[in-house]
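The structure under discussion appears below in the form of structure tokens.
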Amino acid sequence: MKVNPAIRKQLSSFGQYNRSRSKKVFEKNGDIFFLDFSTNKIIQITNSVERESNPSFSFDEKKILFGTTGNMFSWEMGSGAFVQLTDFKKGVKKPDPKLSEQEKWLKADNLTYLQVLKERNTNRKLSEKNQKGDKPKRPKEIYLDDKSADNIQLAPDEKFVIYRLTKSGNARNTIVPNYVTESGFTEDISSRTNVGAAPSAQELFVYDIAKDTVLQVKTDLIEGIFSLPEFKKDYPIKEKKSGSSPSQSDKKESKPQPRSVVFQNLIWSEDGKNNVFSIRSVDNKDRWIMSLDQTTQKLKLIDHQHDDAWIGGPGTGGATNMGWINNQTVWFHSEESGYSHLYSVDVVSGKKAALTIGKYEVQQAQLSNDKKYFYVMMNEVHPGEKHFINSRLLGERLKNSRQ
């Protein structure tokens, strides 16, 4: 039976639940809604011409976070107060115009001999100081140049904002003509870029809200970040002409550069003290599972997988599937054995354990709400057959990984 428009309008969309699954926040038609299951009441949080998206609960579940116009905002459930957490701006900040030496001398000379100008200058500075003190604290203006900000996350202590900057390459989309159109003219169909197109470069930053500073997370200390893929050995070495002096570009190329990587979202433990996330090389030869200390912007290695061919099996591809078993033990997929299997690592001691073993692939995995079992889909019986299991053996291995 087809749902009538009145009922369909009341239905909630996909969204995020709080830990107890008693509340839900979701986006619908570009606005943010809040659903309380105890009263079955829906509250519309935003109603604007701008599109609000990616709603989520803050770590303490007292606020709802969402994005709009490329920035992050919060809505406090108790008071209904809105706060803008980031202020990303396109382009480059224009520097204040510089005075010439003659202009500087003339200004200083006038201030020295003209009392009225000195008084005006003093009063203006005092007025600006008072106005600055009266203004509410705003987030730092962060200019993006030709990049775009995404994966914006608020740390559990709400002292830091972690975000990713992406600089799009000059990739050209494949042109696919569509001859059967309503207009009667041939039109282009949107398509992906060619395989040989250069991938987008990414950078990770931490915005310290209290210090109002932005610092980059450096990748040059990551294990194997400077290692070139095996296939690069087959490339011919460019010979320089004898007697020619090295150019500036040659000098820059001689210094090893860390490989370009892709960053995924941080996943926090339930107590908010630990986090993990995946970093992948754009050549798909390495994947690092790391933790980030946002106060120092330092990375800690949890697991590193290298494959001269390709890393991209079930749970290890673009969206790495992983999570927390407890506040210091993380689980994830890895093709370390040649098959995609589940592993756990204690992020404090570094102890690693295999949760599944065998000549089969764990294609999907989800930890139960009580964190005692995994629900997995695998091809253990036959490569073409998939089935769900609640493995007692897996539960025992999970239990042992905690010890």
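The values are calculated or read from the model by the stated rules, or taken from the named source; none is laboratory data. Everything numeric in this text was worked out from a predicted model, so none of it was measured. What goes into the accessible areas is simple: the full protein's heavy atoms, side chains included, and nothing from ligands, DNA or RNA. Shrake-Rupley method; radii C 1.70, N 1.55, O 1.52, S 1.80 Å.
Kindly flag which residue pairs out of 167/233; 28/62; 63/89; 89/232; 147/298; 93/218 have an alpha-carbon separation exceeding 31 Å in this structure.
89/232
Could you state how much accessible area residue 51 has, in square angstrom rounded to the nearest 10, with a 1.4 Å probe and all protein chains kept in place?
Around 140 Å² of this residue is reachable by solvent.
At a probe radius of 1.4 Å, what is the per-residue accessible area of residue 375, in Å² to the nearest 10?
110 Å²
Taking θ as phi - 60°, what are the ³J(HN,Hα) couplings along segment 355-360 by the Karplus curve (6.51, -1.76, 1.60), each to the nearest whole Hz, with x for Gly and Pro?
For segment 355-360, the Karplus-derived couplings read 8, 10, 9, x, 8, 7 Hz, x marking Gly and Pro.
Taking θ as phi - 60°, what are the ³J(HN,Hα) couplings along segment 269-277 by the Karplus curve (6.51, -1.76, 1.60), each to the nearest whole Hz, with x for Gly and Pro?
Whole-Hz 3J(HN,Hα) from phi for segment 269-277: 5, 5, 8, x, 8, 10, 9, 9, 7.
In segment 252-340, carbon and sulfur make up what percent of the accessible area (probe 1.4 Å)?
48 percent
Taking amide H atoms as placed 1.01 Å from N in the peptide plane, list the residues 5 or more away in sequence, or in a different chain, whose amide H sits under 5 Å from that of residue 379.
361, 363
Once phi is turned into θ = phi - 60°, what whole-Hz ³J(HN,Hα) does the Karplus curve with 6.51, -1.76 and 1.60 give for every residue of segment 79-93, x standing for Gly and Pro?
9, x, 7, 9, 9, 8, 9, 9, 9, 7, 10, 6, x, 10, 5
Between residue 52 and residues 5 or more places away or on another chain, which pairs have amide H atoms under 5 Å apart, with H built 1.01 Å from N, and which residues are they?
Sorted by chain and number, the residues that satisfy this are 31.
Return the long-range amide H neighbours of residue 28 (sequence gap of 5 or more, or a different chain), with a cut-off of under 5 Å between placed amide H atoms.
Hits under the 5 Å cutoff: 33.
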